[in-house]
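The values are calculated or read from the model by the stated rules, or taken from the named source; none is laboratory data. Since we're looking at a predicted model, the values are computed, not measured. A quick note on method: Cβ atoms are made from the backbone with ideal geometry, for glycine too, and the neighbour counts reach across all protein chains shown. All accessible areas refer to the heavy atoms of the entire protein, side chains included, with ligands and DNA or RNA removed. Shrake-Rupley method; radii C 1.70, N 1.55, O 1.52, S 1.80 Å.
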Amino acid sequence: MQQIDSREYFSGEFELPGDKSVTHRAVMLNSGADGVAVIENALMGEDCVSTCRCMRALGAKIDVDGTTLRVSGTPHFRRGTELNCGNSGTTIRLLTGYVAGKQIDAKLYGDESLSSRPMKRVAEPLALLGADVRTTDGHAPVYVSPKLLQGADVELKIASAQVKSAVLLAGISADGETSVTEPVKSRDHTERMLSAMGADIAIDGNRVTVRKSTLKAVDVCVPSDVSSAAYFMALGALKGETLCKNVGINPTRTGILTAFDKLGVSYSLLNRRVSGGEETADILVKKTAMRAIELTAEDIPSMIDELPLVALLCAFAEGESRITGAKELRVKESDRIATTTELIRNIGGDCEELPDGFIIRGKKKLCGGNVDSYLDHRIAMTAAVGLIASEKGGNVVRPECCAISFPDFFDKLGIKLY
Ligand code: S3P
């Protein structure tokens with residue numbers, strides 16, 4: 001349990017860790033590519049360490065020097081491997097597709113939380129390509145058997161970058177053409193990286209098409225993670241002024257800025273530049289009185305991981321906010337509709353659970369209290385922000401899980417974890 005004191009002001013300049021989604025893909029794709037790649041500013045959070053462990057088990061060589069990785073790829077993955085994906089949904093879902101295309105057998109598994117998350121959403125579209133992917137009652141462990149794949153046209157019912165990426169990573173080994181169409185565009189890091197690695201890929205709105213391709217290693221300079229920056233941006237909006245440096249502002253990821261626009265938060269993007277195919281900026285956020293917002297299904301994918309934090313901001317905004325179309329939150333590292341509602345209520349806010357979102361009635365001040373993370377990194381970090389902004393502070397129970405995506409989160413807040 002970690003005590004968090006409330007603060008009158010919160011200001012400062014912050015360097016955030018590398019982007020989790022980009023790091024996963026840089027390691028995974030280069031591990032199956034021709035050549036050697038250097039990845040700079042990689043995130044070494046537990047989820048990305050899981051990806052490194054799996055790719056080594058499959059035969060790639062990965063040397064780590066701080067946040068710089070040197071990946072020597074192998075086009076032929078080792079057969080019969082057991083791949084421990086830890087807590088990481090991105091690792092297990094993308095890798096299921098990648099391995100299915102390599103005509104090898106493998107078992108993919110993870111911790112208790114990962115084993116409760118849906119895997120049929122990956123197995124079913126991969127079956128359309130002819131893959132043999134068996135789940136355990138729709139969950140991990142997942143067993144892949146060798147099969148020759150045939151391109152297919154896949155229509156996704158949910159907007160999911162993990163499912164889309166799994167199909168694309170299988171599609172680059174399939175005969176013919178593979179297309180994936182999603183209802184709303186999800187993050188496009190896989191598409192960008194495949195294109196940089198020489199894959200045959202075409203994008204037309206929400207439809208992505210790939211053909212059989214060999215990947216060439218590509219160096220990647222990973223931008224800082226907007227999902228990690230979001231906590232410090234929120235503290236700027238609530239309590240002072242913050243500057244987050246070198247943050248990735250890929251438009252499929254910046255829903256937090258859309259939420260800021262609606263909430264009326266004052267922010268600016270400084271020093272905009274392109275690095276490694278991804279746009280970055282320094283984000284300056286200033287304390288603002290916020291107003292209630294409405295978010296619906298099409299707003300959700302670009303802020304999917306920031307929704308607990310956005311809901312928290314709504315708890316401090318004037319009026320009644322409504323977030324719907326966010327049923328996917330039920331199948332994240334925790335049921336984030338339930339855990340976010342509990343978080344807001346425990347610190348004195350007014351939040352009602354909907355089947356696919358929340359109704360939040362904002363208050364000027366929240367008293368503080370104790371919040372369980374339920375071992376979900378995003379809930380632990382959202383709780384810390386809520387407590388700093390509250391009247392009396394409180395405790396985060398089981399805070400260490402922030403190491404999944406942001407190992408030095410509490411250090412950056414100036415808090416030493418007991
Ligand atoms: C991710 C995609 C998102 C997100 C997750 C990372 C990725 O999941 O929630 O934290 O790197 O592709 P879905 O695509 O399943 O929504």
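A few points about this structure:
- Taking only protein heavy atoms and a 1.4 Å probe, the accessible area of the range 78-155 is 44% carbon and sulfur.
- Selection from GLY205, GLY18, PRO75, by position along the positive dipole direction of the chain (Cβ): PRO75
- Residue order by solvent-accessible surface for MET303, MET1 is MET1, MET303, largest first, with ligands and nucleic acids left out and a 1.4 Å probe.
- Dipole moment magnitude, nearest 20 debye, the chain about Cα centre, only Lys, Arg, Asp, Glu C-beta charged: 200 debye
- Among the listed pairs LYS164/LYS216; LYS239/LYS412; LYS107/LYS185, those whose Cα-Cα separation exceeds 25 Å are LYS107/LYS185.
- Spin-label model, ASP153/GLU13: points 7 Å from Cα along the beta carbon direction are separated by 5.4 nm.
- Loop-located trypsin sites (Lys or Arg not before Pro) in the range 147-247 whose Cβ has at most 15 other Cβ within 10 Å (DSSP): LYS157
- Summary of the geometry: the range 271-304 and the range 111-152, compared by the centres of their Cα atoms, lie 33 Å apart.
- Those trypsin sites (Lys or Arg not before Pro) in the range 78-113 that DSSP places in a loop and that have at most 13 other beta carbons within 10 Å: ARG79
- Per-residue ellipticity at 222 nm from helix content only, as computed over the chain with -39500 (n - 2.57) for each DSSP H run of at least four residues, stands at -9000 deg cm²/dmol.
- Most fluctuating residue given options LEU95, LEU43, LEU270, as computed from a GNM of the chain linking Cα atoms under 10 Å: LEU270
- Here the contact order of the range 20-205, divided by its residue count and restricted to Cα pairs under 8 Å and six or more residues apart, works out to 17 percent.
- Expressed as a whole percent, the accessible area of the range 273-418 that falls on carbon and sulfur atoms is 48 (1.4 Å probe).
- GNM result for the chain, Cα springs below 10 Å: residue of LEU148, LEU129, LEU313 fluctuating most strongly: LEU148
- When each full DSSP H helix of the chain is screened for a Cα extent of at least 18 Å along its own axis and an average Kyte-Doolittle hydropathy of at least -0.5, the helices passing are 226-239.
- When the Gaussian network model of the chain links Cα atoms closer than 10 Å, the mean-square fluctuations of ASN246, ASN30, ASN41 top out at ASN41.
- Modelled spin-label separation between VAL64 and LEU270, with each label point placed 7 Å from Cα along the Cα-to-Cβ direction: 3.3 nm.
- Among the chymotrypsin sites (Phe, Trp or Tyr not before Pro) in the range 1-101, those located in a DSSP loop and surrounded by at most 13 other Cβ atoms within 10 Å of their own Cβ are TYR9.
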